[in-house]
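I have placed the structure first, in the form of structure tokens, so that the comments after it can refer back to it.
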Amino acid sequence: MAEQNTSENPQHGAQTGATGTGSGYEPQKIEVKWQKRWADARVFESEADPSKPKYYVLEMLPYPSGTLHMGHMRNYTIGDVVARVKRMRGFNVMHPMGWDAFGLPAENAAIKNNTHPREWTNKNIAEIKRGLRRFGFSYDWRREISTCEPEYYRWNQWFFLRMLERGLAYRKKSRVNWCPKCCTVLANEQVVNGGYCWRHEDTRVESREIKQWFLKTTAYADQLLDDLKELEGTWPERVIVMQSNWIGKSQGAKVKFAMADVTGAEAIEVFTTRIDTIYGASALILAAGYPLVAKLLEGFAGKAEAEASLAKMRQTSVKTEDLATMEKEGFFTGRYAMNPFSGEKIPIWVGNFVLMEYGTGAIMAVPAHDERDFEFCTKYGLPKPVVVVPQTQDSTSKNEGGAPAAPKTAEADGVFTEFGVSVNSGPYSGMESATAIAKMAAFAEQKGFGRAETIFRLKDWGISRQRYWGTPIPVVYCEKDGMVAVPDKDLPVLLPPNPKLTGMGESPLASTPEFVNTTCPKCGGPAKREADTMDTFVDSSWYFYRYADAHNDKAPYDSAKVAYWFPIDQYIGGITHAILHLLYSRFWCKVMRDLGLITHNEPAARLFTQGMVQKGGVTMSKSKGNLVGAEDMAQKYGADTGRLYTLFAAPPEKDLEWSEESIEGSWRFLNRVYRLVERHAKALREVKSGGVDAAEATAKERTLLRKVHQTLRRVTIDFETRWHFNSAIALIMELTNEIYAQEPLEEGARPEVRKEVLELLTLMLAPMTPHLSEELWEMLGHTDGLWMASWPAFDQDLARDDEVEIPVQVNGRLRGRVKVAAGAGEEEVVKLALADTGIAALVSGKRMVKRIFVPDRLLNFVVA
RNA sequence: GCCCGGGUGGCGGAAUGGCAGACGCUGAGGACUUAAAAUCCUCCGGGGUUUUACCUCAUGGGGGUUCGAAUCCCCCCCCGGGCACCA
């Protein structure tokens, strides 16, 4: 049904019309026409020019995985409206576009189709670019970048070398997913059904340790956290919260527990945020991967059983999100450690809920004051001594230790995790938690078995990928000189053009002899190149700097140009990138600042995260198979209808449910506007713009002028501050309805008024439906393109209402309305309200308790 | 589990302490037309009444603050998203 309507109706005008009177709205024709004019006039090109106010608006660059879909289209439409409004406001606007062109999907597609990743990528880029042009987005295409080109990725390598020099890039062993049948490393997304290879669904993925490159994001952990304050109010709060959780700063202490019964064995160090609960520790619990575990088990009677559990634990990969819900499991090692505060002997266990990657890989279990410890200790029958109690107002019930009386043991629901007052804690009993923490950390430090320490959840960024389609890491390994950096003059290290891509065996570059075999830059002897490539998040961490100087072959960019354009005034993209991309970008910015390339701390002054486009309640994606092609849509309705609809259907930060039916409304509206202007264009073409005197206007004209300036005032606010494009469009629709409602105007109506009304209507639509607006602007007699026009100012006097309708309530219930002049005083409104028989009846004979009057808004009688 | 966002007519949504449902979609009826499309007009949350009008209920559920609550506070229910190596 919808299919028939949509495929036939919009075509109607295009099929019948020729240009001239009564031809109707033909988006296909006018969109091409104006796109060509914009390109010829180079309207969207801009240069750094410190004498002009700048505005840098940026949408996240797309991964070219297929064709342009509605999700892209919505993102870019929002950015384009902002760019066009800012241009109309007189800003020197930079609005660039590029391609996040490296990545695994290209490599997979290449293997599948027996082609080259570059071919697949460039074909997709060409398609998406054609789509973007089809929608008339106002990009400066001279600044286009593609991250898979050597002219771009050589600077990834250059930055990598700078980080290497400063110790910010280093190599260490790290775990990866390994498929024993493919003999290759798998990405997490290639691990399916909870731990199986995507190509061998009967084969369990193993965990392997290999040497990989890391960037030291942790060196900036504090700055990354602290500088979030600069972004408060201009970045979405949830992004700030997510990043801050991600960085996960945790202040606590490290404490060493000596072994109680193994002489000469090293101590076990734990990290705790609650050293004040140490008297309540009933066990030490180690991660399964803790190095000491095997040694501890030596000679233990339960060794065989313990090793079986250990093997099982090590095999099960633990996801962070499962930690809280999974069943706690563990086993006793047969060994004991010494509590350094109490001198008590406590058992050493291994537990599946302790992560090797966080803290020291060992914890002290304090079951009375930690939920997880409680669960674990309950399951295995370990004691649960209480050492902190809630602080009470009542200080009389304190025992001789100076602390409130307390239960000796925490039982079911007895876990108390908050701060309070220490009990049963030796000399610290009676102290408030914060005091106890400080004193105990100081004592531990003084005695040499611990110290206060801050740790972060944030880890260093592992950038090694055992893939072909990425930036080669510019180092070589020489038998004599070891690891040697490729000198700057030898950059870029180019990807070999014809790799063998099988998806099997070791990393593709390693099996490409012409790539991997090289000479050592130091000694000239034989050497092997690093065969891993960089994570594609490296590409996107600084691409927006490159736009400022896209073709520089001497440096990543000219700092002077970047100094003009940065920071980005408005960054727009999906919430999906709230953490990784945005955190890595912030990290890269700080590194560049410390390299002396830039002076700002944060790359983007404002961030906007738009909602996803959904169909059938789920986000549109290739994998879900519910993508709606943007070009198909433009083919049916034209770009402007598509742009308008995505703006109208939902506010930009919310998810948008795609509806084939609703878009008809946007199509109809644009036709309505077109017919309106077309009807009057001939008569208005020669009429001079401006110079309207409202005092001489007829009644209908005054109504129209008032409406158009009121609309302009509210639309301006929606564009500039609220970004409620959907309500802005609703207002413009109302205005259009009003103009139709006043047709025809009276005898003696002057064409200047009509022209002003239609011009303002056209200008308000221009950022959203630029092609149609240009066409209407031309029809109204303008020979200069609308792109030269400024955003109009509204007339204060006309935008003000001179008569308002005030609701009258009795006891908060609406009982009537009175019409008064704007700004009418309370006495006058009350008089008029009481003249209303209905209201008078409700009020008379009652005692007037009070009266609420809000000028121009409301009158409320409270009676008893 | 934790963190974040959300719940308003048949649907998308508007209203962020002051007239709930703007604007649009769908649907119904009508005009024009040989007919269809397009276009234009009217109606469209539930219930009631003395039906040009008015009353009443209604913004996931329950409680609270207030002259007044979709909006603020407390408790509960439901839905969506995120919780890092290959985008």
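The values are calculated or read from the model by the stated rules, or taken from the named source; none is laboratory data. Since this is a predicted model, take the numbers as computed values, not measurements. All Cβ positions, glycine included, derive from the backbone under ideal geometry; neighbour counts span all protein chains shown. The area values use the complete protein model at the heavy-atom level, side chains included, leaving out ligands, DNA and RNA. Shrake-Rupley method; radii C 1.70, N 1.55, O 1.52, S 1.80 Å.
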Within segment A:705-730, can you find the residues that are near RNA strand B (Cβ under 8 Å from one of its atoms), open to solvent by 20 Å² or more (accessible area, probe 1.4 Å) and within 18 Å of residue A:84 (Cβ to Cβ)? A:722, A:724, A:726
For residue A:111, work out the one condition from (1) at pLDDT 95 or above; (2) open to solvent by 10 Å² or more (accessible area, probe 1.4 Å); (3) not charged (D, E, K, R) it doesn't fulfil. (1)
Could you pull out every one of the helices (runs of 4 or more DSSP H) wholly within segment A:35-146 that has 3 or more residues that are under 20 Å from residue A:471 (Cα atoms) and among the hydrophobic types (A, V, I, L, M, F, W, C)? A:104-113
Scan of segment A:222-253 for residues that are open to solvent by less than 30 Å² (accessible area, probe 1.4 Å), more than 11 Å from RNA strand B (Cβ to nearest atom) and within 20 Å of residue A:453 (Cα to Cα), ordered by number: A:224, A:250, A:252, A:253
Restricted to segment A:651-672, and to residues that are near RNA strand B (Cβ under 7 Å from one of its atoms) and modelled with pLDDT of 90 or more, which residue is surrounded by the most Cβ atoms within 10 Å (Cβ to Cβ)? A:666
Quick one: which of A:718, A:693 is without any contact (Cβ under 8 Å) to a residue 12 or more places away in the chain and farther than 25 Å from residue A:128 by Cβ? A:693
Tell me, yes or no, whether segment A:364-376 has at least one residue that is touching a residue at least 60 places away in the same chain (Cβ under 8 Å), open to solvent by 10 Å² or more (accessible area, probe 1.4 Å) and in contact with a Cys (Cβ under 9 Å, 6 or more places away or on another chain). no
Could you check segment A:767-781 and list, in sequence order, the residues that are open to solvent by 10 Å² or more (accessible area, probe 1.4 Å), in contact (Cβ under 8 Å) with a residue 40 or more places away in the chain and either hydrophobic (A, V, I, L, M, F, W, C) or over 13 Å from residue A:670 (Cβ atoms) (or both)? A:779, A:781
Subset of segment A:524-571 (residues that are open to solvent by 30 Å² or more (accessible area, probe 1.4 Å) and within 29 Å of residue A:510 (Cβ to Cβ)): A:524, A:526, A:528, A:529, A:536, A:537
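Yes or no, residue by residue, for (1) crowded, with 20+ Cβ neighbours inside 10 Å; (2) hydrophobic (A, V, I, L, M, F, W, C):
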| position | (1), (2) |
| --- | --- |
| A:756 | yes, no |
| A:786 | yes, yes |
| A:803 | no, no |
| A:816 | no, no |
| A:838 | no, no |
Looking at segment A:486-523, which of the residues that are surrounded by fewer than 18 Cβ atoms within 10 Å (Cβ to Cβ) and not in a loop (DSSP other than H, G, I, E, B) is nearest to the chain's Cα centre (by Cα)? A:488
Breaking point among (1) part of a loop (DSSP other than H, G, I, E, B); (2) out of contact with any Asp or Glu (no Cβ under 9 Å at 6 or more places or on another chain); (3) surrounded by fewer than 18 Cβ atoms within 10 Å (Cβ to Cβ), for residue A:688: (2)
Mind checking which pairs have a first residue in segment A:596-614 that is modelled with pLDDT under 95 and open to solvent by 40 Å² or more (accessible area, probe 1.4 Å) and a second that is within 14 Å of RNA strand B (Cβ to nearest atom) and in a loop (DSSP other than H, G, I, E, B), Cβ under 8 Å, 6 or more apart or different chains? A:612/A:620; A:612/A:655
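Looking at A:106, A:83, A:126, which one is of a type in the set (Gly, Ala, Ser), more than 16 Å from RNA strand B (Cβ to nearest atom) and out of contact with any strand residue (DSSP E or B) (no Cβ under 7 Å at 6 or more places or on another chain)?
Testing whether each residue is of a type in the set (Gly, Ala, Ser), more than 16 Å from RNA strand B (Cβ to nearest atom) and out of contact with any strand residue (DSSP E or B) (no Cβ under 7 Å at 6 or more places or on another chain) leaves just A:126.
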Per the filter on segment A:422-472, residues farther than 30 Å from residue A:356 by Cβ and in contact with a Pro (Cβ under 6 Å, 6 or more places away or on another chain) are A:468, A:469
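Which of the residues spanning segment A:438-483 are hydroxyl-bearing (Ser, Thr, Tyr) and more than 8 Å from RNA strand B (Cβ to nearest atom)?
Result: A:454, A:468, A:471, A:477.
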Just to be sure I understand, how many residues within segment A:329-355 are closer than 26 Å to residue A:442 by Cα and out of contact with any strand residue (DSSP E or B) (no Cβ under 7 Å at 6 or more places or on another chain)? 4
List pairs: first residue in segment A:731-746 and polar (S, T, N, Q), second residue more than 8 Å from RNA strand B (Cβ to nearest atom) and open to solvent by 50 Å² or more (accessible area, probe 1.4 Å) anywhere in the structure, Cβ distance under 7 angstrom, at least six positions apart or on different chains. A:742/A:700; A:742/A:703
Residue selected from segment A:842-864 under the condition open to solvent by 40 Å² or more (accessible area, probe 1.4 Å) and more than 10 Å from RNA strand B (Cβ to nearest atom), by the criterion farthest from the chain's Cα centre (by Cα): A:845
So, of the residues in segment A:168-193 that are exposed (fewer than 15 other Cβ atoms within 10 Å of the Cβ) and within 14 Å of RNA strand B (Cβ to nearest atom), which turns out to be modelled with the highest pLDDT? A:172
Would you check if residue A:266 is over 23 Å from the mean Cα position of the chain (by Cα), farther than 30 Å from residue A:347 by Cβ and in contact (Cβ under 8 Å) with a residue 12 or more places away in the chain? no
Somewhere in segment A:443-461, is a residue surrounded by fewer than 21 Cβ atoms within 10 Å (Cβ to Cβ), small (Gly, Ala, Ser) and part of a loop (DSSP other than H, G, I, E, B)? yes
Report whether or not residue A:743 is within 13 Å of RNA strand B (Cβ to nearest atom) and farther than 30 Å from residue A:646 by Cβ. yes
Just to check your reading of the model, which residue among A:117, A:62 is touching a Cys at 6+ places or on another chain (Cβ under 9 Å) and open to solvent by less than 10 Å² (accessible area, probe 1.4 Å)? A:117
